[in-house]
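> Please see the structure below; I have some questions.
The values are calculated or read from the model by the stated rules, or taken from the named source; none is laboratory data. No experiment lies behind these values; they were computed from the predicted model shown. Every residue, glycine as well, gets a Cβ built from its backbone with ideal geometry; the counts of neighbours run over all protein chains shown.
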Amino acid sequence: MDKLTSESRLHNLNLRHLEAFVAIATAGNFTRAAGLLHISQPALTVQIRQLEENIGVKLLDRNTRTVKLTAIGEQLAPVIGRVLRDIEAVLRDASEMAAGTRGTVSVAALPSVCSTILPRIIAAFKKDQPGISVVLKDVVSQKVLSMVKTREVDFGVGSFTDSDPAIEVVPLFADRVKIVVPRDSPLARKRAIQLQQMLGLPLILMERDSSVRMLVDRAFESIGHYPTPAYEATYMSSAVGMVRAGLGVAFLPSSTLEMSELTGLTARSVAHPGLTRKIVAVRKAGSELSPAATNFLDVLVAGCKDLGVL
């Protein structure tokens, strides 16, 4: 019974009651407090009376000339003041989040995109939107899709060969897969390189779950061959290191080549239409992005255009 009574009293409280009490505690009398709140003194008196009735505690000692806080009032004044400041901060944050100027954006993306294009776009974004944090998760394409579908991230960035009704796609840029060879390689001196010329050479390919590997496998299958790699790499920097050591020819996306130390190496295009992957942003179909995520996605699309890669 006491619990119900206490809860019903709390339901009758409102912020105006608390603001009235803090105003009096700050101003020291009803007249100045009413002026601070831009209400009449009788209205202020009513609010204080309602507050004391609802919490069942006398907060003020009044006489015709002065008003003083009771012992309990002295203890509650700083606490209620902090509560009001916290509420004000929450409302301010909510307003900024609704406007897309505060919040956190989580993005799952291919490692090749996380290490090249995205950092530059995030850096520019942070200058304009310092209140928004961007969390990057670098994963392979299939993991990007699963994280988007389960809402582990706001949206993803990757390359996907099959359509999926569970996701919505926003095009970003086209990424050409090239071969990386030593500069003294006969392939480096050829003007036009055909995929058939790779047959019989030691190939350095990315692991099977990567979008680049899937693209390369399909390209070879289109000319009647299935590539057997001499070496496989998880990280593109490892593949570059293998080429530098003379272990073979690597197939790598052009978007990553700028991050790699290609001293003594060169990247060449191979004439095959299947060796271009489309990098897209994906979001769960029918879901609504937060204002902050929408803001960042818009900047990402515009940034890809500015980089000349869309």
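> Filter the stretch 134-166 for residues that are at pLDDT 90 or above and hydroxyl-bearing (Ser, Thr, Tyr); which is surrounded by the fewest Cβ atoms within 10 Å (Cβ to Cβ)?
Filtering first and then ranking leaves THR150.
> Anything in the stretch 98-123 that is in a helix (DSSP H, G or I) and closer than 27 Å to PHE160 by Cα? List them, or say none.
If the condition is that a residue be in a helix (DSSP H, G or I) and closer than 27 Å to PHE160 by Cα, then PRO111, SER112, VAL113, CYS114, ILE117, LEU118, PRO119, ARG120, ILE121, ILE122, ALA123 are the ones that fit.
> Residues to consider are ALA192, ALA174; find the one that is of a type in the set (A, V, I, L, M, F, W, C), at pLDDT below 90 and assigned to a strand (DSSP E or B).
ALA174
> Right, next: I'm trying to understand the selection: among the residues of the stretch 290-310, which are among the hydrophobic types (A, V, I, L, M, F, W, C), crowded, with 17+ Cβ neighbours inside 10 Å and modelled with pLDDT under 90?
ALA292, CYS304
> In the stretch 57-79, is there at least one residue being surrounded by 15 or more Cβ atoms within 10 Å (Cβ to Cβ), modelled with pLDDT of 90 or more and out of contact with any helix residue (DSSP H, G or I) (no Cβ under 7 Å at 6 or more places or on another chain)?
No, there is no match, as no residue in the stretch 57-79 is surrounded by 15 or more Cβ atoms within 10 Å (Cβ to Cβ), modelled with pLDDT of 90 or more and out of contact with any helix residue (DSSP H, G or I) (no Cβ under 7 Å at 6 or more places or on another chain).
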